[in-house]
Amino acid sequence: MKESVKHLIWMALVGLLMGIGTGESKAQGTTAVPEDNLEPGEFTAILKESWSFLKDETDSLAKIVGTKLEFETAAEFEKRAVNARSQYLSKVTRYVKEKKFDTRVLGVLFKARLVEYNADTQVYNVTSPTLVEAPYNIPQVVTDVPGNPYVALADSITKGYRTSSIYLNFSPYFRWRANRDTARAAKADEAKMYFRIRFRVELQQTSTSGSAKFTIVPQRLMLINQRTNSVYWEQALR
């Protein structure tokens, strides 16, 4: 093998490893499916529907079980509670399977804003203004986004109403390492630059608590060009 060819192969391998470790990579084509390109409002609708189902079923379970009746033995009450919980878990399991939440991954688009590129360090400061409305915590249903480096959940009060939002938690910027040509091409196509977050939705109910848990799990974060469906950077979050 000629030395020049060996050199090119070696440089390609080094570039690939650098891209994985630092976030720099050449744009690469992917095959997107509709669930990889959900708008924030579409994702919110899915979250609210499944959260409402979990809340209604949890409320129903609490009413059915209630407290021990006057003429009910402790054993009878325990049996009634166990049967009610079993039916509740069956309904939740059936709903999860119907919605395919046990296998489904939902890709949601967050707008990427290219703030400033440093040609000396080859780092692009990027942020995202996107907020995805999400269900908030109530005693019956605890909503949670597991800890990770980039995606967070926060409550706020807007015009007197309580809201909860999923957002990209950069402080203050995401530092995308990109060579100058890649950065220049991304800037030229900034209108189509997005972060894509792939989420799993989990509905759970533990045997030790009367409340349910609604977990929104970010699994992978990508910086993409939506027009060309090219991935510039990605990282697993779970």
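We did not get these values from a lab; they are worked out from the coordinates using the rules stated. Because the structure is predicted, anything quoted here is derived from the model rather than measured. Don't worry about glycine lacking a Cβ; one is built from the backbone with ideal geometry, like all the others, and counts go over all protein chains shown.
When we screen Gln235, Gln204 for residues that are closer than 30 Å to Glu57 by Cβ and surrounded by fewer than 17 Cβ atoms within 10 Å (Cβ to Cβ), the only hit is Gln204. Screening region 90-101 for residues that are at negative phi and not in a helix (DSSP H, G or I) and picking the one that is surrounded by the fewest Cβ atoms within 10 Å (Cβ to Cβ) gives Lys99. Which pairs do you get when a residue that is in contact (Cβ under 8 Å) with a residue 12 or more places away in the chain, found in region 167-193, comes within reach of a residue that is acidic (Asp, Glu) and assigned to a loop (DSSP other than H, G, I, E, B), reach meaning Cβ atoms under 9 angstrom, with the pair 6+ apart or on two chains? Close Cβ pairs satisfying both conditions: Trp176/Glu24; Arg177/Glu24; Ala178/Glu24; Asn179/Glu24; Thr182/Glu24. Return only the number of the condition from (1) at negative phi; (2) more than 11 Å from the chain's Cα centre (by Cα) that Ile197 does not satisfy. For Ile197, the exception is condition (2). Residues that are of a type in the set (Val, Ile, Thr) and part of a loop (DSSP other than H, G, I, E, B) were ranked within region 112-167; the one that is surrounded by the fewest Cβ atoms within 10 Å (Cβ to Cβ) is Thr121. Of all the numbered requirements in (1) in contact with a Ser or Thr (Cβ under 9 Å, 6 or more places away or on another chain); (2) exposed (fewer than 12 other Cβ atoms within 10 Å of the Cβ), Phe77 misses one, and that requirement is (2). For Gln87, the conditions (1) part of a helix (DSSP H, G or I); (2) surrounded by 15 or more Cβ atoms within 10 Å (Cβ to Cβ) all hold with the exception of (2). Taking region 76-106 as the range and being touching a residue at least 24 places away in the same chain (Cβ under 8 Å) and within 17 Å of Gln204 (Cβ to Cβ) as the test, the residues that pass are Arg85, Tyr88, Leu89, Lys91, Val92, Tyr95, Val96, Lys99, Phe101, Arg104. Is it true that Arg104 is among the charged types (D, E, K, R) and either more than 25 Å from the chain's Cα centre (by Cα) or assigned to a loop (DSSP other than H, G, I, E, B) (or both)? Yes, satisfied. Inspection of region 52-72 finds a residue satisfying the criterion of being surrounded by fewer than 14 Cβ atoms within 10 Å (Cβ to Cβ), part of a loop (DSSP other than H, G, I, E, B), free of Cβ contacts under 8 Å to residues at least 60 places away in the same chain and small (Gly, Ala, Ser). Considering (1) within 29 Å of Ile224 (Cβ to Cβ); (2) touching a residue at least 60 places away in the same chain (Cβ under 8 Å); (3) in contact with a strand residue (DSSP E or B) (Cβ under 6 Å, 6 or more places away or on another chain), the lone condition that Val115 does not fulfil carries the number (2). Within region 168-184, the residues that satisfy the criterion of being assigned to a strand (DSSP E or B) and not aliphatic (A, V, I, L, M) are Phe174, Arg175, Trp176, Arg177.
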